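Report on the following structure.
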Amino acid sequence: MSEGDTRPTNFIRDIIDEELAAGKHEVIVTRFPPEPNGYLHIGHSKAILTNYSIAQDYNGRFHLRMDDTNPSKEDMSYVEAIINDLTWLGVEWGESLFFASDYYQQLYEWALFLINECRAYVDDLSLEEMKEYRGNLTEPGKNSPYRDRGVEENLDLFAKMKNGEYEDGAKVLRAKIDMAHPNLNMRDPVLYRILHHNHYRTADEWCIYPMYDFAHGQGDAIEGITHSICSLEFENHRPLYDWFIENLPVPSKPRQIEFSRLNLTHTVMSKRKLLALVEGGYVNGWDDPRMPTLIGYRRRGYTPESIHEFSKRAGVTKQNQVIDISLLDFCLRQDLELKAMRRMAVLDPLKVTITNFPEGEVEWYEGPNHPGIESFGTRMVPLTRELYIERDDFMEDPPRKYFRLAPGREVRLRYACYITAKEVVKDEDGNILEIIAEFDPESRGASTLDGRKVKGTIHFVSASENVPLEVRMYDHLFLNEDPEADGDFIQNLNPDSLKVITAYGEPELKGAKLGDPIQFERKGYFSIDPDSSEEMIVFNRTVGLRDSWGKKQRK
């Protein structure tokens, strides 16, 4: 890196810097190659942004490629969802959107090349037999009895596979490498399998499909990818990746580099486990705001900028790591603090009647839309005789350092005035129903001419001039930091991960729009849910105000 360069550094960028200095590349080209068989999650965001930021910082190119080699699980709806997620993250690929299915003919011809070079053969072993012949980590595998078929026979059988003359699973095409290789991925891996299933792009043109390992690296080579940057679980696949590149007449030779995948506390990110949550009805679909999917985070009110910052702070290393989810919340709060309009909402209402306030009248008080950013402007907040405060903002017998409302105590209503609790109304079971209060007419504007101070300021909402809200209070989906610590992640589901309450908000919330970040003062950050209607605005709690990650760092 040149002097004064502020780009981040890590071992991958060090490799790229060395190769550029040696003149190995003219343009750096990276890619994100998802399989369109599910929704992207927060773990994918690290891979996306790592690849994208490298392409950006080195003035290179970034490709998006759908590795669509399994038609039985892939669908155009997943392609659209992936594109939407990357667009939301602010990732751009221009004209460089590709599909592995674009390369089916070329991959087939390269399979023929390997057969002709005696480096591939058609095998009749069943899946169970192949597993038996494969061996294990301590014992070598053994050759298939079909391994020494001649070139002509293999070409004939492979053509019949392509022409649909065999049932699914009857035969496969395998690379001929080494059944005693210490890396199990190199023990004659399968290149093609028979699958009579329509593809969402190629329809019934093919009934044989390349395996991911065969298609992936060759797609990189076709596109001129310089660095195939992937997570550590592919490290053992790198020798096979390199073997294909070295043994095929590919137009370029990409380099695979692995880094640690992103793992979060209180989170599972296996597609299989996420699917189990959806199909088991434990969540309300892939976009449930409790899910770690990008579509779920977006619905909950997360911002793309917070995901970028989180990815940067998580870093790029070779060591597997588990990141505390509170870091993600910290990055989100930092971003929302600068963007969110302030509004008042009461989530657990307790009625207050101000007996000396003119009945039937409404007084309006000005409050800032953001206390730290003047350009956000102001809004008007109504005060009426009857209003709601938070139930925990009143205590009948308060402890010494409780500065909110209590019998005989005066507090400030945010932006409006001072009130004093005079009487407590209860039901026959002793539950508090209402507070009877008085206000100081001289305190309008939440200050007094005599300059007296009050220690407590609470927020409120008018009982008549308000907006009814449905508020969905989200918490961690799992109770334990490691959901699989006890072996069954379902048993660790948090029964209180979602609470739905009826609340009241100030009238200004009528103008809130989908995607607008809003801070309910003293309560947290919230975002409108798409379930909202003209009859009822639905808000999701995005994140609370308390910064647990920052506190951990300061200890």
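Here the simple spin-label model places points 7 Å from the Cα toward Cβ, and for residue 355 and residue 522 these points are separated by 2.4 nm.
Calculated [222 nm] ellipticity per residue, helices only, for the chain: -8000 deg cm²/dmol; basis is -39500 (n - 2.57) per DSSP H run with n ≥ 4, divided by all residues, nearest 500. How big, on average over all directions, is the shadow cast by the Cα convex hull of segment 345-459, in nm²? Convex hull of Cα atoms, orientation-averaged projection: 8.3 nm². Centroid-to-centroid, using Cα positions, segment 31-72 and segment 327-366 are 41 Å apart. The equivalent ellipsoid that matches the C-alpha gyration tensor of segment 139-194 spans semi-axes of 23, 12, 9 angstrom, in descending order.
The antiparallel fraction among DSSP beta bridges confined to the chain stands at about 65%. Restricting the calculation to Cα atoms, segment 119-229 shows an Rg/Rh of 1.00 when the hydrodynamic-style radius is the Kirkwood one. About the centre of its Cα atoms, segment 308-376 shows a dipole size close to 560 debye [charges on the beta carbon of Lys, Arg (+1) and Asp, Glu (-1) only; nearest 20 debye]. Remark: the residue 212-residue 536 segment gains 111.9 nm on full extension, using 0.36 nm per residue and subtracting the alpha carbon distance.
Run through the DSSP bridge list for segment 345-459 and note the antiparallel percent, rounded to the nearest 5.
So the antiparallel bridges in segment 345-459 amount to around 75 percent.
Full extension of the chain between residue 432 and residue 196 yields a length gain of 78.1 nm, computed as 0.36 nm times the residue separation minus the alpha carbon distance.
Going from the fewest other Cβ atoms within 10 Å to the most, the residues 293, 317, 384 appear in the order 317, 384, 293.
Using only the Cα atoms of segment 326-394, each taken as one equal point scatterer with no solvent, compute I(q) by the Debye sum, divide by I(0), and report log10 of the ratio at q = 0.22, 0.23, 0.24, 0.29 Å⁻¹. At q = 0.22, 0.23, 0.24, 0.29 Å⁻¹ the computed log10 ratios are -1.02, -1.04, -1.06, -1.15.
Around the amide H of residue 41, modelled in the peptide plane, lie the amide H atoms of 294, all under 5 Å away and 5 or more residues distant in sequence or on another chain. For segment 408-494, the ratio of Cα radius of gyration to the globular rule of thumb 2.2 N^0.38 Å stands at 1.80. Its Kirkwood hydrodynamic radius, worked out from the mean inverse distance over all distinct Cα pairs, puts the chain at 27.8 Å. Each of 79, 292, 103 was placed along the dipole of the chain (beta-carbon charges, centred on the mean Cα), and the one lying farthest toward the positive end is 292. For segment 19-259, a Kirkwood radius taken over Cα pairs fed into Stokes-Einstein (37 °C, viscosity 0.692 mPa s) yields D = 173 µm²/s. If you take the beta carbon distance between residue 275 and residue 491 as r and set R0 to 22 Å, what does 1/(1 + (r/R0)^6) give as a FRET efficiency, to the nearest 0.05? Efficiency computed from Cβ-Cβ geometry: 0.80.
Going down the table (176/253; 73/142; 253/273; 339/510; 351/499; 176/273), which pairs top 24 Å between alpha carbons? Result: 73/142; 253/273; 176/273 exceed 24 Å. Taking every alpha-carbon pair in segment 430-555 and binning the separations at 10 Å intervals from zero gives 10, 27, 28, 24, 9, 2, 0 percent. Between residue 9 and residue 263, the contour length at 0.36 nm per residue exceeds the alpha carbon distance by 89.3 nm.
Rule-based calculations on the coordinates, nothing more; no lab input. Just so we're clear, the structure is a prediction, and the values are computed from it rather than from any experiment. Don't worry about glycine lacking a Cβ; one is built from the backbone with ideal geometry, like all the others, and counts go over all protein chains shown.
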